[in-house]
Amino acid sequence: MSPRTNRLAKVWGLADNRILKFSEMPSSIPGTKMQSLLRLSALDLFPSPPPRQATSATTNLAQRSKAVIVLDGPDIATDPFAYPLSWSTKNCLAVTFGACVYYQNLDTRKTVRLWATPEDRLDELHSIQWAGIAQPDLLALGTTSGRVSLCDAGAPQKTMTWPQDLWGGVGGIDWLDHVFAVGRGSGRISLFDCRVKEGVKTLSAHKAKVLGVRWGHNGNYLASGDKDGTVSVWDARADKILVGGSRKGKKMKHKGPVKVL
C-alpha cells in the first residue's frame, strides 16, 4: 500500500485487520453516518452467490468423487460412432453387449435381458434408442449389418424386424412419437413407423454413412450428419432438403465426422 492509499484507508475505517476485505462487516463502523452508508454500498457490490439447492445436479456431481452406480459392461461396443447406451423416460438404462441388450430399472435395480440377435447371424448391435413419452417401452435397435428391429420391454416376445441395408450398418436413431429415423451406411435415412411392418420413407442426400439424426422440437424438421462432415436439414412434411446437397452456399460442411446433433 502506498502512503496515500494508507491515508485513505484510515479515513474510511479500512486500516484494520480487514484491510480491503469486504466480505464481512466490522463490529463498529467508525466515522460519520455518510461514511457508514458508503461502506454499506460498497458491500452491496460484492454479493455472495446464492446457495445451491440440494437437488441440483451440479451440487451432487461436485461433491462426489466416484460414480453413484457402477454397472458391469462386458463386450460393450468400442466403435466411437456406436450408440450402445440409451436412457428411457421410465428411468430404464439399456446397454448393448455384443449381440444382446440388457436394461436396468434404476428405481428397482432390476436387470432384464431384453433382446438378442439370432445365433445363426454373425451380427452385433450398433445403435439403440428408447422411444419417447408416447411409447416409453419401445426400443429401436440397429446392427452392424444394417438390420433394424423393434422390441417391447412390456412384452419382450413382441418384436418387429425390417430387412437389412446391404450397403453398411446403422448409424444414429431418433424417435418422433410413433416414427423413428435411422441413419444408414449407404448415406440414406430410413423412416419407420412402429405401427406398420413396412418402411415409411427413405431420404437420400448424403454420400457417406449417416452417423447422427435428430428431429426438431416440433417434428417438422430432421437434421442429419454423416462421416464426411456434411450436415443436412430436411423438411419432413415435404420430403425436401433445406440445407445440404450440392447447391452452392447451402452445404454445412465440417472437418470431421458429425455424430451428435
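The values are calculated or read from the model by the stated rules, or taken from the named source; none is laboratory data. As the structure is a computational prediction, the values presented were derived from the model and not from experiment. Cβ atoms come from the backbone with ideal geometry, glycine included; neighbour counts cover every protein chain shown.
How about the range 194-223: which of its residues are in contact with a Gly (Cβ under 9 Å, 6 or more places away or on another chain) and exposed (fewer than 14 other Cβ atoms within 10 Å of the Cβ)? Before you say what the answer is, go through the steps one by one.
Let us first name the residues in the range 194-223 that are in contact with a Gly (Cβ under 9 Å, 6 or more places away or on another chain), namely 204-214, 222-223.
Scanning the range 194-223 gives S204, K207.
Suppose the filter is in contact with a strand residue (DSSP E or B) (Cβ under 7 Å, 6 or more places away or on another chain) and modelled with pLDDT under 90; does I69 pass it? Give the steps one after another, and end with the answer.
Numbers: in contact with a strand residue (DSSP E or B) (Cβ under 7 Å, 6 or more places away or on another chain): no; modelled with pLDDT under 90: yes.
No; evaluated as a whole, the condition is false for this residue.
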Only one of (1) of a type in the set (S, T, Y); (2) at pLDDT 90 or above; (3) over 21 Å from the mean Cα position of the chain (by Cα) fails for Y221. Which number is that?
(3)
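When only residues in the range 243-261 that are modelled with pLDDT of 75 or more and surrounded by fewer than 19 Cβ atoms within 10 Å (Cβ to Cβ) count, which is farthest from S190 (Cα to Cα)?
Step one: of the range 243-261, the residues modelled with pLDDT of 75 or more are 253-261.
If we keep only those that are surrounded by fewer than 19 Cβ atoms within 10 Å (Cβ to Cβ) too, we end up with 253-257, 259-261.
Working: K253: 22, H254: 23, K255: 25, G256: 23, P257: 20, K259: 17, V260: 18, L261: 17 Å.
Applying the filter and picking the extreme gives K255.
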Taking only the range 152-192 into account, find how many residues are part of a strand (DSSP E or B) and crowded, with 16+ Cβ neighbours inside 10 Å.
21
For K197, are the conditions met, namely being modelled with pLDDT under 90 and of a type in the set (K, R)?
yes
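Suppose the filter is assigned by TED's automatic domain parsing to the domain that holds F180, more than 22 Å from T144 (Cα to Cα) and among the basic types (K, R); does R214 pass it? Break it down stepwise before answering.
Working: assigned by TED's automatic domain parsing to the domain that holds F180: yes; more than 22 Å from T144 (Cα to Cα): no; among the basic types (K, R): yes.
It is false that R214 is assigned by TED's automatic domain parsing to the domain that holds F180, more than 22 Å from T144 (Cα to Cα) and among the basic types (K, R).
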